[in-house]
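Q: Okay, here's the structure, questions in a sec.
The values are calculated or read from the model by the stated rules, or taken from the named source; none is laboratory data. Keep in mind that what you see is a predicted model, and the values were worked out from it rather than measured. Glycine gets a Cβ as well: all are built from the backbone with ideal geometry, and neighbour counts include every protein chain shown. Ligands, DNA and RNA are excluded from the accessible area calculation, which covers all protein heavy atoms including side chains. Shrake-Rupley method; radii C 1.70, N 1.55, O 1.52, S 1.80 Å.
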Amino acid sequence: MASEPIQILLVGSSAADARRVAQMLRTGATKFRLRRAQKLRQAKRHLRDGSPDVAILDLSLPEAEKLETLAEALRTAPSVPLVALSVAADDSLAAQALQLGAQDFLVKSELNGGQLARSLCYAIARQQAQSSFRSLSLMDELTALHNRRGFISSAEQRLKLTWRQGVRSTLVFIDVDNLKYINDNFGHREGDYALQQIAGLLRECFRESDLIGRLGGDEFCVLLSDTAEASDSQVRKRLFELIDKNNVRSRRCYALSVSLGIVEVGGPYELERQIGRADALMYEHKRAKQVSVQRLTQFRELV
């Protein structure tokens with residue numbers, strides 16, 4: 001049975017360059033299928049639907065836009081390997097492109113069919129190997145979310161992009177209430193199950209483009225991608241409603257509950273400090289809930 005052709009998305013090239021690339025890809029034994037997107041906006045739609053196996057981004061752009069366009073493409077579909085294509089050899093641009101996450105940097109005047117085919121196949125293989133490695137070292141085994149290292153690394157990369165655009169992001173620090181009580185009374189296996197339930201509710205509450213991580217123990221963190229829909233009250237309302245619905249449907253002998261701290265964060269260099277600030281705000285929320293419960297208990301005793 002013949003193998004399926006490798007799906008390539010070519011972004012930003014002229015019609016003449018696209019014809020040249022297509023002609024090069026016909027010369028080898030590997031089968032390729034080329035799709036062209038003239039603008040980044042059009043390319044982002046194709047990248048999001050997951051159809052390309054690899055993307056080629058033509059950097060024939062004004063100097064200020066080259067890396068911004070590359071970074072935006074990588075942020076849109078981080079799982080799609082990307083090869084940068086440049087008009088001229090530029091070691092500085094090549095180094096920056098590779099540092100941002102491009103799998104290769106090719107120069108049009110030096111390009112031939114064999115080199116292009118190898119670059120695309122190797123880019124796919126490297127991306128798969130890197131994804132496998134990251135999944136082992138940056139993921140939390142219990143919840144399948146980012147672990148602390150994975151969350152911090154991914155959040156810093158995203159904040160570098162939003163900081164260049166002058167955009168501040170929203171950070172949510174989440175602590176599971178009464179996990180010690182669950183562990184002590186129902187066993188650590190049930191405590192692990194509670195953490196998995198919370199992880200699932202966080203996935204349901206937030207978008208696929210939001211970064212969600214388990215920092216350790218009963219602590220989670222979320223970096224929101226869309227601050228327009230990320231006010232403090234909106235985040236709390238959405239998450240608390242999901243947890244309440246889950247508690248109503250569940251047959252557990254305990255109710256899930258979380259405390260939140262929500263802050264704005266600018267560039268990557270303030271991430272750790274803002275996580276600490278959000279942590280402090282979370283404890284204020286937790287203490288306020290405990291005081292409310294104590295007052296309610298005292299009131300009931302008086303009645």
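Q: In whole Å, what are the extents of segment 52-124 along the principal axes defined by its C-alpha atoms, from largest to smallest?
A: Extents along the principal axes, in whole Å: 31, 27, 17.
Q: Moving to a separate point now. Rounded to two decimals, what ratio of Rg to Rh does segment 107-195 give with C-alpha atoms and a Kirkwood Rh? Kindly include the intermediate steps, with their values, before the conclusion.
A: Working: Rg = 21.0 Å, Rh = 17.3 Å.
Across segment 107-195, the Cα-based Rg/Rh ratio is 1.21.
Q: Tell me the angle of helix 91-100 to the major Cα principal axis of the chain, expressed in degrees between 0 and 90 and rounded to the nearest ten.
A: Helix 91-100 sits at roughly 30 degrees to that axis.
Q: Leaving out ligands and nucleic acids, and using a 1.4 Å probe, what accessible area per residue does the chain come to in Å²?
A: Per residue, the chain has 56 Å² of solvent-accessible surface.
Q: If you wrap a convex hull around the alpha carbons of segment 1-133, what volume per residue comes out, as a whole number of Å³?
A: 107 Å³
Q: Positive end of the dipole of the chain, charges at C-beta (+1 Lys, Arg; -1 Asp, Glu), about the Cα centre: which of Leu281, Ile6, Gln130 has its Cα farthest in that direction?
A: Result: Ile6, furthest along the dipole toward the positive end.
Q: Now a separate question. Please tell me the relative contact order of the chain in percent, rounded to the nearest whole number, where contacts are Cα pairs under 8 Å and at least six residues apart.
A: Details: 430 pairs, mean separation 43.8, N = 303.
Contact order relative to length: 14 percent.
Q: Report the extension gain between Ser153 and Glu284 in nm, rounded to one decimal, defined as 0.36 nm multiplied by the number of residues separating them, less their alpha carbon distance.
A: Residue separation times 0.36 nm, minus the Cα-Cα distance, leaves 44.4 nm.
Q: Mind ranking 68-75, 262-269, 238-245 by how tightly packed they are, going by the mean number of other C-beta atoms within 10 angstrom, highest first?
A: 68-75, 262-269, 238-245
Q: Cα-Cα pairs above 15 Å in segment 169-216: how many percent?
A: Taking all Cα-Cα pairs of segment 169-216, the fraction more than 15 Å apart is 50 percent.
Q: Can you pull the semi-axes for segment 1-57, root of five times each eigenvalue of the Cα gyration tensor, sorted largest first, whole Å?
A: That gives 20, 16, 6 Å for the three semi-axes.
Q: For the chain, give the percent of accessible area contributed by carbon and sulfur heavy atoms, probe 1.4 Å, rounded to a whole number.
A: In the chain, the share of accessible area belonging to carbon and sulfur is 50 percent.
Q: Test of understanding: what is the full-extension gain from Arg164 to Tyr269, defined as 0.36 nm times their sequence separation minus their Cα-Cα distance?
A: So the extension gain works out to 36.5 nm.
Q: Another question about this same structure. Counting pairwise Cα distances across segment 78-226, what percent come out greater than 26 angstrom?
A: So the portion of pairs separated by more than 26 Å is 43 percent.
Q: Quick one: which of Lys160/Lys286; Lys39/Lys66; Lys180/Lys289; Lys160/Lys289 span more than 25 angstrom between C-alpha atoms?
A: Checking Cα-Cα distances, Lys160/Lys286; Lys160/Lys289 exceed 25 Å.
Q: Hey, what angle do you get for helix 15-25 against the long axis of the chain, alpha-carbon based, 0 to 90 degrees rounded to 10?
A: 90 degrees
Q: Let me ask something additional. Dividing the Cα convex hull volume of segment 186-241 by residue count, how many Å³ per residue is that?
A: 83 Å³
Q: Radius of gyration and Dmax for the chain's Cα atoms, expressed in Å?
A: 23.9, 87
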